[in-house]
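Working notes, structure below.
The values are calculated or read from the model by the stated rules, or taken from the named source; none is laboratory data. Treat the numbers as computed from the prediction; the structure is a model and nothing was measured. Ideal geometry is used to build each Cβ from the backbone, glycine not excepted, and the neighbour counts take in all protein chains shown.
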Amino acid sequence: MKLLVTGGAGFIGTNFILYWLKNHEGDEIVNLDKLTYAGNLENLTSIEKNPRYSFIHGDICDSTIVNKVMEGIDKVVHFAAETHVDRSISGPAVFITTNVVGTQILLDAALEHKIKHFHHISTDEVFGQLEIESHDKFSENTPYNPRSPYSASKAASDHLVRAYFHTYGLPITITNCSNNFGPYTFPEKFFPLAITNILEGKKVPVYGDGKNVRDWLYVEDHARAIDLVLNKGKIGETYVVGGLQNGISNIDALRKILTIMGKNEDSIEFVKDRPGHDRKYDIDWSKIHNELGWEPIFTFDEALKKTISWYTENETWWENIKSGEYASYYQKQYPHS
Ligand code: NAD
Ligand code: TDX
């Protein structure tokens, strides 16, 4: 089987490609990536000479290139997106272009080339927020209520993917997952920002009161969930994927990181809250568990330790990022830190 992976030079795409080549020996992967600030080919040097892997530098909004790479493809796994909520607040336009228009261009090409399965990776953020005290969880039946430009653009892309199924019969599936963590996460996201700041002897900026809750999913568990959906998922269906039984607040997650890294609370710095900051995400992942037999293999603490070890052992990877364009982004995003 030949897979087209979009956005494979980013965090989850990288982990998915490495996982897939290891676990599906007969399969080939084509990786289409624009290499935005978040795309990094260094992630994939271990497989760049693998005859089952090829890389195409291109934009999902470019229909010429998209139609060309779709030739001979069996299944598409669509990760490519602008993904950072804070960046969507300071500059929403590119989120609409890539996440909405780019997805529609891929869908058109998938129809044209009679793709057997188009799998769209989305987020739990499309459902909006839960109240901290609430025992509710997001499920496949939760109505959409996105509250940031990022989540609004992902919601629009989900609607388009379903529209192409109902209107044109394109064989699609969607997964809406919670916050991923693990190796190769770009250090703008909370966990790698915290870990690398601690390694640099800096403080960790915590938005607002730190009580916002997230449901953390280890990226390798996520890759297995996508594998199951690609192989056993029902066409037209959506599956939500989360990593924990109950979400954890940012401050409690940070305390765990500090403990593992042998630091105290002096490393915490409360900063101005994110505008429209969603209070809580929590996922009821019983559908993918009951129908496809998926559950996370790694405990949160185990996966956190693995992640911290990875950043500790791969300083050059994140130092290269942090010394580039990221430095001016950090200055603007955290002006008083
Ligand atoms: P990322 O930001 O690390 O990587 C995104 C990748 O997409 C980069 O390699 C980038 O170069 C590429 N890309 C961006 N615009 C492109 C374009 N126009 N054409 C081609 N390539 C382009 O993202 P990630 O964290 O790996 O997220 C992957 C997917 O998973 C996204 O669709 C995101 O919405 C979704 N998701 C992420 C999380 C998370 O916690 N990271 C959680 C839920 C859902
Ligand atoms: O410096 C920070 N301080 C802080 O307190 C940053 C960057 C974040 N936070 C908080 C905000 C959130 O409550 O930590 C939590 C996690 O923040 P992010 O890592 O920015 O993730 P989030 O906004 O929850 O969105 C993520 O999960 C869903 C991904 O970025 C999305 O791509 C994905 O769809």
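Can you tell me which residue in segment 180-204 is nearest to Asp266 (Cα to Cα), limited to those that are near ligand 1 (Cβ under 9 Å from one of its atoms) and not acidic (Asp, Glu)?
Just the residues of segment 180-204 that are near ligand 1 (Cβ under 9 Å from one of its atoms), to begin with: 180-181, 184-186, 188-189.
Restricting the remaining residues to those that are not acidic (Asp, Glu) gives 180-181, 184-186, 189.
On the way: Asn180: 26, Phe181: 24, Tyr184: 27, Thr185: 25, Phe186: 24, Lys189: 21 Å.
Among those residues, the one meeting the criterion is Lys189.
When you scan segment 36-43, do you find a residue that is touching a Ser or Thr at 6+ places or on another chain (Cβ under 6 Å) and away from ligand 2 (no atom under 16 Å from the Cβ), even just one? Outline the logic, then answer.
Taking segment 36-43 and keeping what is touching a Ser or Thr at 6+ places or on another chain (Cβ under 6 Å), we get 43.
Checking the rest, the ones that are also away from ligand 2 (no atom under 16 Å from the Cβ) come to 43.
Scanning segment 36-43 turns up at least one residue that is touching a Ser or Thr at 6+ places or on another chain (Cβ under 6 Å) and away from ligand 2 (no atom under 16 Å from the Cβ).
Out of Ser286, Ser249, which single residue is modelled with pLDDT of 95 or more, of a type in the set (Ser, Thr, Tyr) and within 16 Å of ligand 2 (Cβ to nearest atom)? Working first, answer last.
Details: Ser286 fails: within 16 Å of ligand 2 (Cβ to nearest atom).
Ser249 is the lone residue from the list that is modelled with pLDDT of 95 or more, of a type in the set (Ser, Thr, Tyr) and within 16 Å of ligand 2 (Cβ to nearest atom).
Six or more apart or on different chains, Cβ atoms under 6 Å: show the pairs whose first residue is in segment 318-337 and farther than 16 Å from Val204 by Cα and whose second is surrounded by fewer than 17 Cβ atoms within 10 Å (Cβ to Cβ).
Short answer, once both residue conditions are applied: Glu325/Tyr37.
Assuming Ala93 fulfils every condition listed in (1) crowded, with 19+ Cβ neighbours inside 10 Å; (2) closer than 29 Å to Pro149 by Cβ apart from one, which condition is it?
(1)
In segment 189-213, which residue that is in contact with a strand residue (DSSP E or B) (Cβ under 9 Å, 6 or more places away or on another chain) and of a type in the set (S, T, N, Q) is nearest to ligand 2 (Cβ to nearest atom)?
Top of the filtered list is Asn212.
Considering each residue of segment 295-337, count those that are within 16 Å of ligand 1 (Cβ to nearest atom) and outside any helix (DSSP H, G or I), and give that number.
Adding up the residues that qualify gives 4.
So which strands (runs of 3 or more DSSP E) stay within segment 112-210 end to end and still have 3 or more residues that are farther than 30 Å from Thr64 by Cβ and modelled with pLDDT of 95 or more?
Numbers: elements: 117-123, 172-177, 204-207.
Strands (runs of 3 or more DSSP E) meeting the threshold: 204-207.
Can you tell which of Asn99, Asn176, Asn145, Asn180 is touching a helix residue (DSSP H, G or I) at 6+ places or on another chain (Cβ under 7 Å), over 20 Å from Thr6 (Cβ atoms) and within 16 Å of ligand 2 (Cβ to nearest atom)?
Numbers: Asn99 fails: over 20 Å from Thr6 (Cβ atoms); Asn176 fails: over 20 Å from Thr6 (Cβ atoms); Asn180 fails: over 20 Å from Thr6 (Cβ atoms).
Checking each option against the conditions leaves just Asn145.
Quick check on Val219: is it away from ligand 1 (no atom under 15 Å from the Cβ), within 23 Å of Glu319 (Cα to Cα), out of contact with any Ser or Thr (no Cβ under 7 Å at 6 or more places or on another chain) and in contact (Cβ under 8 Å) with a residue 24 or more places away in the chain?
Details: away from ligand 1 (no atom under 15 Å from the Cβ): no; within 23 Å of Glu319 (Cα to Cα): yes; out of contact with any Ser or Thr (no Cβ under 7 Å at 6 or more places or on another chain): yes; in contact (Cβ under 8 Å) with a residue 24 or more places away in the chain: yes.
No.
Across segment 306-316, what is the number of residues that are surrounded by fewer than 18 Cβ atoms within 10 Å (Cβ to Cβ) and touching a Pro at 6+ places or on another chain (Cβ under 9 Å)? First the steps, then the outcome.
The initial filter retains those residues of segment 306-316 that are surrounded by fewer than 18 Cβ atoms within 10 Å (Cβ to Cβ), namely 306, 309-310, 312-316.
Okay, now just the ones that are also touching a Pro at 6+ places or on another chain (Cβ under 9 Å), so 306, 310, 314.
Residues in segment 306-316 being surrounded by fewer than 18 Cβ atoms within 10 Å (Cβ to Cβ) and touching a Pro at 6+ places or on another chain (Cβ under 9 Å): 3 in total.
Can Ile251 be described as over 24 Å from Pro149 (Cβ atoms), away from ligand 1 (no atom under 16 Å from the Cβ), hydrophobic (A, V, I, L, M, F, W, C) and within 22 Å of the chain's Cα centre (by Cα)? Quick ask: steps written out before the conclusion?
Numbers: over 24 Å from Pro149 (Cβ atoms): yes; away from ligand 1 (no atom under 16 Å from the Cβ): yes; hydrophobic (A, V, I, L, M, F, W, C): yes; within 22 Å of the chain's Cα centre (by Cα): yes.
Yes; evaluated as a whole, the condition is true for this residue.
Can you tell me which of (1) in a helix (DSSP H, G or I); (2) buried (at least 19 other Cβ atoms within 10 Å of the Cβ) is the one Lys256 doesn't meet?
If we test Lys256 against (1) in a helix (DSSP H, G or I); (2) buried (at least 19 other Cβ atoms within 10 Å of the Cβ), just (2) comes out false.
Condition first: of a type in the set (Gly, Ala, Ser), under 22 Å from Ala152 (Cα atoms) and within 12 Å of ligand 1 (Cβ to nearest atom). Can you find one or more residues in segment 85-93 that meet it?
Initial filter on segment 85-93 (of a type in the set (Gly, Ala, Ser)): 88, 90-91, 93.
When the remaining residues are screened for being under 22 Å from Ala152 (Cα atoms), the result is 88, 90-91, 93.
Remaining after also requiring within 12 Å of ligand 1 (Cβ to nearest atom): 88.
Yes, segment 85-93 contains at least one residue that is of a type in the set (Gly, Ala, Ser), under 22 Å from Ala152 (Cα atoms) and within 12 Å of ligand 1 (Cβ to nearest atom).
List the pairs whose first member sits in segment 117-137 and is closer than 20 Å to Lys234 by Cβ, whose second member is away from ligand 1 (no atom under 15 Å from the Cβ) and assigned to a strand (DSSP E or B), and whose Cβ atoms are under 9 Å apart, counting only residues at least 6 apart or on separate chains?
His117/Lys75; Phe118/Lys75; His119/Lys75
Suppose we keep only residues that are among the hydrophobic types (A, V, I, L, M, F, W, C) and in a helix (DSSP H, G or I) within segment 211-248. Which one would you say is nearest to the chain's Cα centre (by Cα)? Give the steps one after another, and end with the answer.
Just the residues of segment 211-248 that are among the hydrophobic types (A, V, I, L, M, F, W, C), to begin with: 213, 216-217, 219, 223, 225-226, 228-230, 235, 240-241, 244, 248.
Subset that is in a helix (DSSP H, G or I): 219, 223, 225-226, 228-230.
Details: Val219: 8, Ala223: 11, Ala225: 13, Ile226: 12, Leu228: 17, Val229: 16, Leu230: 17 Å.
Result: Val219.
Hey, among Tyr150, Tyr144, Tyr164, Tyr184, which residue is of a type in the set (Phe, Trp, Tyr) and surrounded by fewer than 21 Cβ atoms within 10 Å (Cβ to Cβ)?
Working: Tyr150 fails: surrounded by fewer than 21 Cβ atoms within 10 Å (Cβ to Cβ); Tyr164 fails: surrounded by fewer than 21 Cβ atoms within 10 Å (Cβ to Cβ); Tyr184 fails: surrounded by fewer than 21 Cβ atoms within 10 Å (Cβ to Cβ).
Criteria check complete, one pass: Tyr144.
Can Arg87 be described as touching a residue at least 60 places away in the same chain (Cβ under 8 Å), among the basic types (Lys, Arg) and within 20 Å of Asp215 (Cα to Cα)? Even if it seems obvious, please write down each step before you answer.
Details: touching a residue at least 60 places away in the same chain (Cβ under 8 Å): yes; among the basic types (Lys, Arg): yes; within 20 Å of Asp215 (Cα to Cα): no.
The answer is no for Arg87.
Out of segment 66-91, which residues are under 18 Å from the mean Cα position of the chain (by Cα), closer than 24 Å to His277 by Cα and outside any helix (DSSP H, G or I)?
Scanning segment 66-91 gives Phe79, Ala80, Ala81, Glu82, Thr83, His84.
I'm trying to understand the selection: among the residues of segment 110-129, which are more than 21 Å from Val229 (Cβ to Cβ) and within 16 Å of ligand 1 (Cβ to nearest atom)?
Hits for segment 110-129 are Gly128, Gln129.
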